[in-house]
Amino acid sequence: MSALQVLDAHVTYRSRGRGIVHAVAGVDLEVGRGEIVGLVGESGSGKSSLARAVVGLERLAGGQILLDGEPVQPVGWRTRTDVRTQMVFQSPYASLNPRRTVGAQLRDGVPSHVQDPAAEVADLLERVGMPASAAGRYPHQFSGGQRQRIAIARALAPRPEILVADEPVTALDASAQAQVVALLGSLVRDLDVGMLFISHDLALVRHIAHRVGVMYQGELVEQGETERVWREPEHPYTRELIDAVPRLGAARRGEGS
Ligand code: ADP
Ligand code: MG
């Protein structure tokens, strides 16, 4: 059984002027342990709404989110108690407080039963390729890539089973992007967590994801093994997305040389 099962998920918003927006309209999706599932689709297709629903930051208007077969209750931001799914945002500042030390913030996420939280914080930092001394410093003392590593450590602190990464490298420069993507890939392997990896960058998703889902106007119009989707897209919209980025890989390689 997959660690995460999203069953017929719906997310709606009431918005002034636009009435009811059906941001996620009946999505079924599974993510297994040690598996990376990519989620692609144009801006406004509902990717972030689905991501927030998976981590309990958004209430479902319908459907279910199951972890190991058990329903995850949607809860509000402030009363959020679910730690089995954790989110990595585009901006590390969405999860890091600029006024508190890195160590204090990581420690907040460490489960209370852990005997030596300071050692756990050092382990978390090491896991994301940061020195233990980072614990005594503040987020602004690090580069964008380092801050995102710290945000990833924060997400890992409660020992989640599922990581949801919403455009986690979009704000980074090319070399930091490659490093953070490689880090996420190795964390998924080493920790046996599952990851939902959201990106508008299809070349990146092709590189990292085992399976991929394509969102279009709130619906998951296609999903499958990444190479299959890439080579033989079944949905016309998937074909459009792929055709829109034909030279991206070549351009990247040129940039790096
Ligand atoms: P994506 O991440 O793919 O760009 P989003 O999930 O952010 O898509 O948005 C999906 C749709 O829901 C869009 O039409 C967006 O305008 C709308 N939406 C997202 N968040 C809200 C909100 N808090 N209130 C009202 N509408 C929203
Ligand atoms: Mg988004």
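Every number in this text was worked out from the coordinates using simple rules, so none of it is lab data. All values derive from a computational prediction rather than experimental measurement. Here the Cβ positions follow ideal geometry from the backbone for every residue, glycine too, while neighbour counts run over all protein chains shown.
Observations on the structure shown:
- Exposed loop sites are taken as trypsin sites (Lys or Arg not before Pro) in a DSSP loop (any state but H, G, I, E or B) with at most 10 other beta carbon atoms within 10 Å; the longest stretch of the chain without one runs 100-246.
- Quarter the surface of the alpha carbon convex hull of the stretch 1-155 and you get the mean projected area, 10.9 square nanometres.
- Taking other Cβ atoms within 10 Å as a rough exposure proxy, Thr238, Thr170, Thr226 sort from fewest to most as Thr170, Thr226, Thr238.
- Cα gyration tensor shape for the stretch 8-74, rounded if a/c is under 1.5, else prolate or oblate: oblate
- Amide N of the stretch 214-229 lying under 15 Å from the label point, which is placed 7 angstrom from the Cα of Leu7 along Cα→Cβ: none
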